[in-house]
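Every number here is computed from the coordinates shown, using simple stated rules; none is lab data. This is a predicted model, so every value here is computed, not measured. Quick reminder, even Gly has a Cβ in these numbers, built from the backbone with ideal geometry, and neighbours come from all protein chains shown.
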Amino acid sequence: MINVDIDGCTVDILPVVKGLMSEYDRVKDIVNGSYDTFAVSLGKEDIAAVVMRKELEDDLYIEDIDVVYLHYLGKFGETAAPAPAFSALVDACGELSVPVQPLDMDEESFSGVYCDIINTFELLGESRLAKKALKKKFDVSSAEKFVISWDMFVNNSKGFRELTRLREKYMANRIKFLAKNSERMLAVVETERINGIMSILNANV
């Protein structure tokens with residue numbers, strides 16, 4: 001857990017490994033009534049999809065690149081999609097009857113930024129990533145090191161690196177915005193985005 005004070009609000013940022021089933025109980029055990037704000041590194045549509053995941057189960061489509069990711073991640077335990085860590089936050093907040101705030105862009109905003117930044121060459125390269133990933137050697141000394149090395153691989157091009165930085169800046173600004181009206185906040189964020197988000201927050205705190 002990472003703790004930071006923003007405008008008098010105590011913000012607890014929990015790094016999680018997307019896809020690991022073991023993260024479900026870890027997150028759910030942390031959620032309690034001492035927090036007045038809960039946030040997750042998803043867009044609002046993604047949160048709604050997690051809420052409705054059982055109803056949408058038959059329509060769930062996993063990209064080839066995500067299948068490969070879960071294959072590697074399986075070295076560290078049982079895996080699932082959508083990310084159990086995010087599902088746990090949504091479920092626990094549902095039990096408390098409190099909303100989960102989105103930290104990431106909504107679909108319309110993300111699509112606009114994506115189209116502005118990612119060029120055709122990078123788009124075509126993205127479709128071949130799954131095959132390349134199967135031949136790639138990742139750091140599998142721990143789940144955390146794996147997801148970071150995976151992230152560096154899939155965001156290797158200039159456009160995707162820029163897109164990632166913009167997402168991190170957006171999420172850091174959302175945390176600061178939510179902190180203005182909170183006393184204690186829990187933010188659940190994937191491990192690979194933590195360093196970028198924290199560098200932005202620390203530069204402005």
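By counting other Cβ atoms within 10 Å of each Cβ, how are Ser149, Ser97, Ser111, Ser182 ranked from fewest to most?
On the way: Ser149 17, Ser97 6, Ser111 11, Ser182 22.
The most exposed by this proxy come first: Ser97, Ser111, Ser149, Ser182.
Looking at segment 1-94, which GluC sites (Glu not before Pro) are in a loop (DSSP not H, G, I, E or B) and have at most 15 other Cβ atoms within 10 Å? Each step should come with its number before you reach the end.
Numbers: sites: Glu23, Glu45, Glu55, Glu57, Glu63, Glu78; in loops: Glu55, Glu63, Glu78.
Within segment 1-94, the qualifying GluC sites (Glu not before Pro) (loop, at most 15 other Cβ atoms within 10 Å) are Glu55, Glu63, Glu78.
For segment 3-96, state the semi-axes of the equivalent ellipsoid (square roots of 5 times the eigenvalues of the alpha-carbon gyration tensor), sorted largest first and rounded to whole angstrom. If you can, show how the numbers build up before the last one.
Details: eigenvalues 128, 51, 30 Å².
Gyration-tensor ellipsoid for segment 3-96: 25, 16, 12 Å.
About its Cα centre, how strong a charge dipole does the chain have in debye, to the nearest 20, once Lys and Arg get +1 and Asp and Glu get -1 at the Cβ?
Numbers: 24 positive and 34 negative charges, 186 e Å.
So the magnitude is around 900 debye.
For Lys131, list the aspartates and glutamates whose Cα falls under 13 Å from its own Cα; do not include residues on the same chain fewer than 8 positions away.
Correct list for Lys131: Glu63, Asp64, Asp66.
What number comes out for the charge environment of Tyr35, summing +1 per Lys or Arg and -1 per Asp or Glu over other residues with Cβ under 12 Å away? Please report the intermediate quantities before stating the final value.
Values: positive: Arg184; negative: Asp12, Asp36, Glu183.
For residues surrounding Tyr35, the net value is -2.
Which links in Lys145/Lys176; Lys28/Lys75; Lys132/Lys158; Lys54/Lys145; Lys75/Lys158; Lys44/Lys145 stretch past 20 Å when you go from one Cα to the other?
Working: Lys145/Lys176 27 Å; Lys28/Lys75 23 Å; Lys132/Lys158 18 Å; Lys54/Lys145 31 Å; Lys75/Lys158 30 Å; Lys44/Lys145 28 Å.
Going by Cα-Cα distance, Lys145/Lys176; Lys28/Lys75; Lys54/Lys145; Lys75/Lys158; Lys44/Lys145 fall outside the 20 Å limit.
If we count every other residue with Cβ under 15 angstrom of Asp25's Cβ, Lys/Arg +1 and Asp/Glu -1, where does the sum land? Spell out each step's value before the answer.
On the way: positive: Arg26, Lys28; negative: Glu23, Asp29, Glu78, Asp91, Glu95.
Surrounding charge for Asp25 is -3.
Which whole-number value in Å³ per residue fits the convex hull of the alpha carbons of the chain?
On the way: hull volume 25.7 nm³, N = 205.
Output value, Cα hull per residue: 126 Å³.
Add -39500 (n - 2.57) for each DSSP H run of 4 or more in the chain, then divide by its residues: what number comes out at 222 nm, to the nearest 500 deg cm²/dmol?
Numbers: 10 runs with 112 residues, N = 205.
One gets -16500 deg cm²/dmol as the mean residue ellipticity at 222 nm.
Run down the aspartates and glutamates and flag those whose C-alpha is under 13 Å from the C-alpha of Lys169, throwing out any fewer than 8 positions away in its chain.
Candidates past the 8-residue exclusion: Asp104.
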